[in-house]
Structures are given as structure tokens and as C-alpha cells.
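Peer 1: Okay, handing you the structure first.
The values are calculated or read from the model by the stated rules, or taken from the named source; none is laboratory data. On a predicted model such as this, the values are computed, not experimentally measured, just so you know. So basically every Cβ, Gly included, is an ideal-geometry build from the backbone, and we count neighbours across all protein chains shown.
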Amino acid sequence: MKETTNVWEVFIQSKNGLAHKHAGNVHADDKEMALQNARDLYTRRNEGSCIWVVKSTDIVSSESEDSESFFDPANDKLYRHPTFYNLPEGAKHI
Amino acid sequence: MIKFALIKLLLMDDKIFQEKIDKDRKIEPKDWMPEKYRSHLIRQISQHAHSEIIGMQPEGQWISRAPSLRSKMILLAKVQDEAGHGLYLYSACETLGISRDQLISQLHSGAAKYSSIFNYPTLSWADMGAIGWLVDGAAIVNQVSLQRTSYGPYSRGMIKICKEESFHQRQGYEIMAELAKGTKEQKDMAQDALNRFWWPSIMMFGPHDADSPRSGNAMKWKIKRQTNDELRQSFIDKTVGQAEVIGLKIPDPDLKWNEKRGHYDFGEIDWEEFWNVVNGNGPCNKERLDHHINAHQEGEWVREAARAYANKQIKN
Ligand SMILES: [Fe+2]
Ligand SMILES: [Fe+2]
């Protein structure tokens, strides 16, 4: 028997077409209750058009301490950004 | 040798931590933090959360007695917001490794406190005005400052709360303004509410800086960004003019503008009353806590049923 209530992370899509964004979390025993609690807690002022709830224990996170080594494959690849490139004088719409 | 290396490592952690704070970087739940930073945060955030929750009681008592449908809907929405604030803050507190159950039992045992302002009774409809205007007003000054607190989850909670608070103060001030321009009885009622809530409101910022021993660390770690006295002064400076606009008188004969300081001077606070209420002897301490304990116990069957239902779904 499960004794403690689950924690669910709440993601809200503020408008049709936009990405869901993390808003916070709620306590609830099952998924329906989690959705209803999330609605009552995070969308009292029409903040959302769609809500996702995900059990907190199902989320995998990188460690912020070793973020440097974890993210360093991207450090030396400035050529992935448009500002890296030299454009001839007068070139437009590029 | 090993012990020595361990101490050195801890000192290093401490140094890195303080450097982060000094650079205004936020501390996140998984980051290393000194135990005292963690326990200070748990005490402060839980006290803040409990205040939001207990704070629903004095106003909740007036929902069924609101003088119009408009004021009833507004008060209901306001009290509901406070429940939300409590939950945001419990969430932030839980990231520090304490459970919701532990937090609630600390409240019930008296190990955790809540703001003393909620241990005063609400005797008339004007008190709804005074609470929104002064109590939420004082809370806003504190919370705006805490948006810049160093602990990430607390800071994000404050930002969300501040967005919702602005209507709370306005609805209270509107009630006061309406009463103040009404019949003589109505104006007297508003003045009486201001008289009773003024001093407790400015006590909400806590003891003077010189008598507030924990402030040092809290400022060094940027848990607090402004001292009790700075926050109190800024609340008083904002509020005096608002009282004048609606023709009510702040009950402090020593209140006057100090040109040189650029602030209002004000009278001596009755610290004996403050400590008396903090230590459990205010007019409503027992009533507030008993009510919370009863509601929590009476709700146990609902939590039990929800758990049983969830377990049944897992099995099927
Ligand atoms: Fe609040
Ligand atoms: Fe409020």
C-alpha cells in the first residue's frame, strides 16, 4: 500500500500553438486528481489552455554541479550560430 | 589526515557557495548548501506558508457575511488565492528535503510559527478592508523584496505570489475608501479597524534590526535582501499618504515627515505585546490552531479514500 501522496510536476501551455512550460507542482493520489489540482492551483486567471502533469519521480535531471562537463560538447562550436559567418557588404535578406 | 582533508573540502564548498551568492547566482535544490542555510530557509519558508494558510481564517469568517454579491465573490477569490500561496510555498519548502506531513505536524505542535497578525480577531466588515490594505500591503513590501532571495524555488514562488497580490491590497483599500465616505457609523467603523490593525501590521516586519539575531546570516546569504527596519519604513512611507487620501487618521501621534531623513518618523512599537502574541497569548492563537488541527483531522477520511482509490487503480 502506498502511504504518501504523489508529487506531480505541472506544465502549462498558455496559448494554443505555444510550448508547455513548467509551472510548479501539486500533490495528488492519481492522475485525474493531479490535473484538477493543477487547474485549481495554477490557472485561476486563465493562464492555460492545456495542462500536462508528470510524476516528479519520473523526471530525469542532469546535475547542475557537473553541468560544465555535461554541456561542453557545445562549447567550441560557435559555427552553429549565424553570427559566426562573414557576409559580403551589401548582402540582404540572409 | 583524512579528517583534515574532509574539513578542507567542506571549507572549499563553503567558499564556492558564498562566491555564488555574492555573484547573485541562485541556489537550486540539488546544489551544495551549508546546513544552516537550509535550516534557516526551512524555518522562514514554512513560517511564510503557514501564515498564508492560517491567514485564510480571519477573512474566511466574513465570506458568508459580505454585504453584497460583488464583495462576496471578491473575498472568496482573495481567500482562495491565499490557499494557493500557501501551496506554492509548501512546494518550495519541500525542495529542501522536508515533507508536507512534517511541515503540518510542526505547525500543529507549535514548533513552527505563523505571522502573529492572524491572531487578532476580525470584528467588523471594515476589518476586511484593513486586512487587505494594511496586512496584504505589508506582506507585499516584504514579498517584493524576497523576489530577489538567493534560493531559486523561493524566489520563483515570490514572483508568482506578487503578481497575484496586487488585487488583494486594492480590494481592501476600496472597502476602506467606500466606508470612509459613507455615513458617520461607516466612517467610524473604518477608523476603528485602522486603529486596531495599524500597530500589529507594522509589527509584521519583526523586531528592530538591533534585536534580530538571525538577520546577519540571512543578509549575508541573501535569503533576506532588506532588513526588518528598512522594510517597515518603506511600508509606512507608502501608507501614510493613502490614509490621507481617504480621510482616515493613522493612530500614531508621533508620526511625522522628517525632511532630513526623507522618511516618516513614527512612535515606539509595543514590543511586549508583540512577544506576548508570538508566544501564544494573543486573542485568537488557540482558536486559529485548533481550527486547523480539526479541519486536518476531519479531512483524514478524504485523504484515505483518495489513497485507496489510487491503489485500487494500480492493481487493476
Ligand atoms: Fe498571500
Ligand atoms: Fe494576499
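Peer 1: Do you know which residues across the stretch A:1-39 are exposed (fewer than 14 other Cβ atoms within 10 Å of the Cβ), under 23 Å from B:Lys163 (Cβ atoms) and within 14 Å of chain B (Cβ to nearest Cβ)?
Peer 2: A:Lys21, A:His22, listed by residue number.
Peer 1: Oh, and also: Has the stretch B:102-121 got any residue that is basic (Lys, Arg) and within 14 Å of another protein chain (Cβ to nearest Cβ)?
Peer 2: No, that holds for no residue.
Peer 1: Within the stretch B:79-102, track down each residue that is polar (S, T, N, Q), free of Cβ contacts under 8 Å to residues at least 12 places away in the same chain and more than 12 Å from ligand 2 (Cβ to nearest atom). Break it down into steps so the answer makes sense when it comes.
Peer 2: If we filter the stretch B:79-102 for residues that are polar (S, T, N, Q), which is where we start, we get B:80, B:91, B:95, B:99, B:102.
Filter again for free of Cβ contacts under 8 Å to residues at least 12 places away in the same chain, leaving B:80, B:99, B:102.
Within the stretch B:79-102, B:Ser99, B:Gln102 meet the criteria.
Peer 1: Just checking, which of B:Glu185, B:Glu174 is away from ligand 2 (no atom under 16 Å from the Cβ), part of a helix (DSSP H, G or I) and modelled with pLDDT of 95 or more?
Peer 2: Exactly one of B:Glu185, B:Glu174 is away from ligand 2 (no atom under 16 Å from the Cβ), part of a helix (DSSP H, G or I) and modelled with pLDDT of 95 or more, namely B:Glu185.
Peer 1: Let me ask something additional. Could you please find all residues in the stretch A:40-88 being of a type in the set (Gly, Ala, Ser), in contact with an Asp or Glu (Cβ under 7 Å, 6 or more places away or on another chain) and part of a loop (DSSP other than H, G, I, E, B)?
Peer 2: So in the stretch A:40-88, the residues of a type in the set (Gly, Ala, Ser) come out as A:48-49, A:56, A:61-62, A:64, A:67, A:69, A:74.
Subset that is in contact with an Asp or Glu (Cβ under 7 Å, 6 or more places away or on another chain): A:56, A:64.
Answer for the stretch A:40-88, where residues must be of a type in the set (Gly, Ala, Ser), in contact with an Asp or Glu (Cβ under 7 Å, 6 or more places away or on another chain) and part of a loop (DSSP other than H, G, I, E, B): just A:Ser64.
Peer 1: If you don't mind, there's one more thing I want to ask. Scanning the stretch A:40-71 for residues that are small (Gly, Ala, Ser) and over 30 Å from B:Glu82 (Cβ atoms), which turns out nearest to the other protein chains (Cβ to nearest Cβ)?
Peer 2: Here the residue is A:Ser64.
Peer 1: Quick one: which residue in B:Ala126, B:Ala112 is over 16 Å from B:Ala180 (Cβ atoms), hydrophobic (A, V, I, L, M, F, W, C) and away from ligand 2 (no atom under 14 Å from the Cβ)?
Peer 2: Being over 16 Å from B:Ala180 (Cβ atoms), hydrophobic (A, V, I, L, M, F, W, C) and away from ligand 2 (no atom under 14 Å from the Cβ) holds for just one of B:Ala126, B:Ala112, which is B:Ala112.
Peer 1: Right, next: Contact list please: Cβ distance under 7 Å, first residue in the stretch B:293-316 and more than 10 Å from every other protein chain (Cβ to nearest Cβ), second residue part of a helix (DSSP H, G or I) and not small (Gly, Ala, Ser), pairs at least six apart or on different chains.
Peer 2: B:Ile293/B:His108; B:His296/B:Ile104
Peer 1: Looking at the stretch B:254-296 only, could you name the residues that are part of a loop (DSSP other than H, G, I, E, B) and either closer than 15 Å to B:His108 by Cα or not aliphatic (A, V, I, L, M) (or both)? Talk me through it step by step, then tell me what you get.
Peer 2: Filtering the stretch B:254-296 for residues part of a loop (DSSP other than H, G, I, E, B) gives B:254-255, B:259-262, B:266-270, B:282-284.
Passing the criteria: B:Asp254, B:Glu259, B:Lys260, B:Arg261, B:Gly262, B:Phe266, B:Gly267, B:Glu268, B:Asp270, B:Gly282, B:Pro283, B:Cys284.
Peer 1: Next question. Taking the condition on the phi < 0 side of the Ramachandran plot, within 16 Å of ligand 2 (Cβ to nearest atom) and either more than 14 Å from chain A (Cβ to nearest Cβ) or of a type outside the set (A, V, I, L, M) (or both), does B:Gln242 pass? Even if it seems obvious, please write down each step before you answer.
Peer 2: Values: on the phi < 0 side of the Ramachandran plot: yes; within 16 Å of ligand 2 (Cβ to nearest atom): no; either more than 14 Å from chain A (Cβ to nearest Cβ) or of a type outside the set (A, V, I, L, M) (or both): yes.
Judged against the criteria, B:Gln242 is not a match.
Peer 1: Then there is this: Does the stretch B:12-31 contain at least one residue that is touching a residue at least 12 places away in the same chain (Cβ under 8 Å) and either closer than 22 Å to B:Leu179 by Cβ or within 16 Å of ligand 1 (Cβ to nearest atom) (or both)?
Peer 2: No; the residues of the stretch B:12-31 include none that is touching a residue at least 12 places away in the same chain (Cβ under 8 Å) and either closer than 22 Å to B:Leu179 by Cβ or within 16 Å of ligand 1 (Cβ to nearest atom) (or both).
Peer 1: Do you know which residues across the stretch B:1-60 are within 14 Å of another protein chain (Cβ to nearest Cβ) and not in a helix (DSSP H, G or I)?
Peer 2: B:Arg25, B:Lys26, B:Ile27, B:Glu28, B:Pro29, B:Lys30, B:Asp31, B:Trp32, B:Met33
Peer 1: Any idea which of B:Ser124, B:Ser105 is part of a helix (DSSP H, G or I), of a type in the set (S, T, N, Q) and farther than 13 Å from B:Ala49 by Cα?
Peer 2: Criteria check complete, one pass: B:Ser105.
Peer 1: Still on this structure, I have one more. Kindly indicate whether any position in the stretch B:192-207 is free of Cβ contacts under 8 Å to residues at least 24 places away in the same chain and either surrounded by fewer than 16 Cβ atoms within 10 Å (Cβ to Cβ) or of a type outside the set (Asp, Glu) (or both).
Peer 2: Scanning the stretch B:192-207 turns up at least one residue that is free of Cβ contacts under 8 Å to residues at least 24 places away in the same chain and either surrounded by fewer than 16 Cβ atoms within 10 Å (Cβ to Cβ) or of a type outside the set (Asp, Glu) (or both).
Peer 1: Got a number for residues in the stretch B:147-169 being surrounded by 16 or more Cβ atoms within 10 Å (Cβ to Cβ) and more than 13 Å from ligand 1 (Cβ to nearest atom)?
Peer 2: Counting residues in the stretch B:147-169 that are surrounded by 16 or more Cβ atoms within 10 Å (Cβ to Cβ) and more than 13 Å from ligand 1 (Cβ to nearest atom) gives 9.
Peer 1: Here's a follow-up. Being farther than 30 Å from A:Thr4 by Cβ and either in contact with a His (Cβ under 6 Å, 6 or more places away or on another chain) or buried (at least 18 other Cβ atoms within 10 Å of the Cβ) (or both) is true for just one of B:Ala92, B:Ala112, B:Ala138. Which residue is that? I'd like the intermediate steps shown before the answer.
Peer 2: Details: B:Ala92 fails: farther than 30 Å from A:Thr4 by Cβ; B:Ala112 fails: farther than 30 Å from A:Thr4 by Cβ.
From the options B:Ala92, B:Ala112, B:Ala138, the qualifying one is B:Ala138.
Peer 1: A further question follows. Which of (1) away from chain B (no Cβ under 14 Å); (2) at pLDDT 90 or above is the odd one out, the single condition A:Ala74 does not satisfy?
Peer 2: Unmet for A:Ala74, out of (1) away from chain B (no Cβ under 14 Å); (2) at pLDDT 90 or above: (2).
Peer 1: Given the options B:Lys160, B:Lys222, B:Lys238, name the one that is in a loop (DSSP other than H, G, I, E, B), in contact (Cβ under 8 Å) with a residue 40 or more places away in the chain and basic (Lys, Arg).
Peer 2: When all the criteria are applied, what remains is B:Lys222.
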